[in-house]
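Please treat every number below as a calculation from the coordinates, not as lab data. This one's a predicted model, so the numbers in the text were calculated from it and none came from an experiment. We place every Cβ from the backbone using ideal geometry, glycine too, and count neighbours over all the protein chains shown.
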Amino acid sequence: MTPTDLDWPRPAGRGPVVALGKLVADQLLELSAPLVVGGQQRVVRTTTAGGAPANVTAGVARLGAPARLAGWAGADPLADGLLAGLVRRGVGIAVVRRGRAPLSTVLVHPDGERTLLTDRGEGALEPADVRTEWFTGAAVVHLDGYDLLRFPGALRTAASLARDAGLPVSVDVAAATRIERHGVAPYVELVAGLRPDLLFCNAAEAAVLGLDGGLPPWAPGSVLVHAGARPTRVVTRAGTEQVPVEPLPEGRLGDTTGCGDAFVAGVLAGWRAGVAVPDAVRTGHAAAAVVAGVVGGQPPS
């Protein structure tokens, strides 16, 4: 591939990176030993803002770029605290508020792996909630593939408004197991309906969606496939380029929660800055490494 083959699908603006979706409360329980059914152990509990949009915007803000969280947040005291924490990080807030915040309980195992237990909360993001001003002056609009399953109409509206404003759109797909449970063909139809410029997925998700070889007709012209410590694949119609991942220092891995969101944040910050695609991918790798060294999906303040 030549350097021009790795150009961004379209230039990003100079305003904030806007990530749209729902705000989730992440309750992190650090396990002191492997979980045993019927057993008992002490844990360390931490509650932070969570969900991909919050994690992405926090990551973008930490990299020194403007970020805006748009979408739905609960109208309860728990959501009050989460939103205030994001504001302290420098994230702009543009949300409708109703109901009770979703809560994800994340079991952080001693080896750094995680298990998620999800309470979906009470509320929703409707197409009529999505407002043009959420995207005013944005650099890029990022949509979450999990929320695409729950709020497909709202995300279609957001993508349409972004395109009408001439803004690039990126999408991070849902987990492979969720895609299979929903049905691969119906999920592909949902993603294709957003007409994204850039698609993020991991290796398992790429395999399920048929993106582990060439790009199928429904896919955007740029796909980033991240695979943990293995090289990230930058896939375009012209071919594939691999960007190696720097290994983590010994003993650095604390928790894999949010590493994918941090990678997205680094790439989007790089896209906004206009750096070369491989350099933006390396920024994503570095951002993911920072989050891998802490407990929870949010980067250090």
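What order do you get for 91-102, 212-223 when each peptide is scored by the mean count of other beta carbon atoms within 10 Å, highest first? Write down the numbers at each step before the final one.
Details: 91-102: 19.2, 212-223: 15.1.
The most tightly packed comes first, giving 91-102, 212-223.
Of all the C-alpha pairs in the chain, what % are more than 36 Å from each other?
Values: 4720 of 45150 pairs.
Summing the P(r) tail past 36 Å for the chain gives 10 percent.
Explain nothing, just compute: Karplus ³J(HN,Hα) = 6.51 cos²θ - 1.76 cosθ + 1.60, θ = phi - 60°, for every residue of the stretch 31-41 in order, whole Hz, x for Gly and Pro.
7, 8, 7, x, 5, 10, 4, x, x, 8, 7
Picking from PRO16, PRO127, PRO196, which is most flexible by a Gaussian network model of the chain using Cα springs under 10 Å?
Highest fluctuation of the listed residues: PRO127.
When only Cα pairs under 8 Å and 6 or more residues apart are kept, what is the percent relative contact order across the stretch 136-253? The partial results should precede the final answer.
On the way: 170 pairs, mean separation 21.9, N = 118.
Across the stretch 136-253, relative contact order equals 19 percent.
Describe numerically, in nm with one decimal, the distance between label points set 7 Å from Cα along Cα→Cβ at ARG131 and at ARG42.
Here the answer is 4.7 nm between the modelled labels.
Can you compute the equivalent ellipsoid semi-axes for the stretch 1-94, i.e. the square root of 5 times each eigenvalue of the Cα gyration tensor, sorted largest first and rounded to whole Å? Walk me through the numbers before you get to the answer.
Details: eigenvalues 220, 85, 24 Å².
Working through the eigenvalues yields semi-axes of 33, 21, 11 Å.
Sorted by packing (mean other beta-carbon atoms within 10 Å per residue), highest first, where do 157-163, 281-287 land?
Numbers: 157-163: 21.0, 281-287: 22.9.
Per-residue Cβ counts within 10 Å, averaged per peptide and sorted highest first, yield 281-287, 157-163.
What Kirkwood hydrodynamic radius do you get for the stretch 39-183 when you take the inverse of the mean 1/r over all pairs of distinct Cα atoms, in Å? Walk me through the numbers before you get to the answer.
Numbers: mean 1/r = 0.0605 Å⁻¹.
About 16.5 Å, per the Kirkwood formula over Cα pairs.
Within the stretch 21-52, report the trypsin sites (Lys or Arg not before Pro) that DSSP leaves as loop and that have at most 11 other Cβ atoms within 10 Å. Write out the running numbers ahead of the final one.
Details: sites: LYS22, ARG42, ARG45; in loops: ARG42.
Counting only loop positions with at most 11 other Cβ atoms within 10 Å, the trypsin sites (Lys or Arg not before Pro) in the stretch 21-52 are ARG42.
Over the Cα atoms of the stretch 188-301, each weighted equally, I'd like the Debye log10 I(q)/I(0) at q = 0.19 Å⁻¹, rounded to two decimals.
-1.00
By how many nm would the segment from ALA124 to ASP279 grow when fully extended, if each residue of separation counts as 0.36 nm and the alpha-carbon distance is taken off? Write down the numbers at each step before the final one.
Numbers: separation 155, 0.36 × 155 = 55.80 nm, distance 3.68 nm.
So the extension gain works out to 52.1 nm.
If each of ALA75 and ALA238 carries a label point 7 Å out from its Cα toward its Cβ, how far apart are those two points in nm?
5.2
Provide the net charge surrounding ALA67, with neighbours chosen by a C-beta distance below 10 Å and charges set as Lys +1, Arg +1, Asp -1, Glu -1.
Values: positive: ARG62, ARG68, ARG89, ARG272; negative: none.
Its environment carries a net charge of +4.
For the chain, calculate the relative contact order in percent as a whole number, restricting contacts to Cα pairs under 8 Å that are 6 or more residues apart.
The value is 20 percent.
Kindly work out what percent of the DSSP beta bridges joining two residues of the stretch 25-183 are antiparallel, to the nearest 5. The partial results should precede the final answer.
Values: 14 of 31 bridges.
About 45 percent, rounded to the nearest 5.
I'd like the antiparallel share, as a percent to the nearest 5, of DSSP beta bridges with both residues in the chain. If you can, show how the numbers build up before the last one.
Values: 25 of 59 bridges.
So the antiparallel bridges in the chain amount to around 40 percent.
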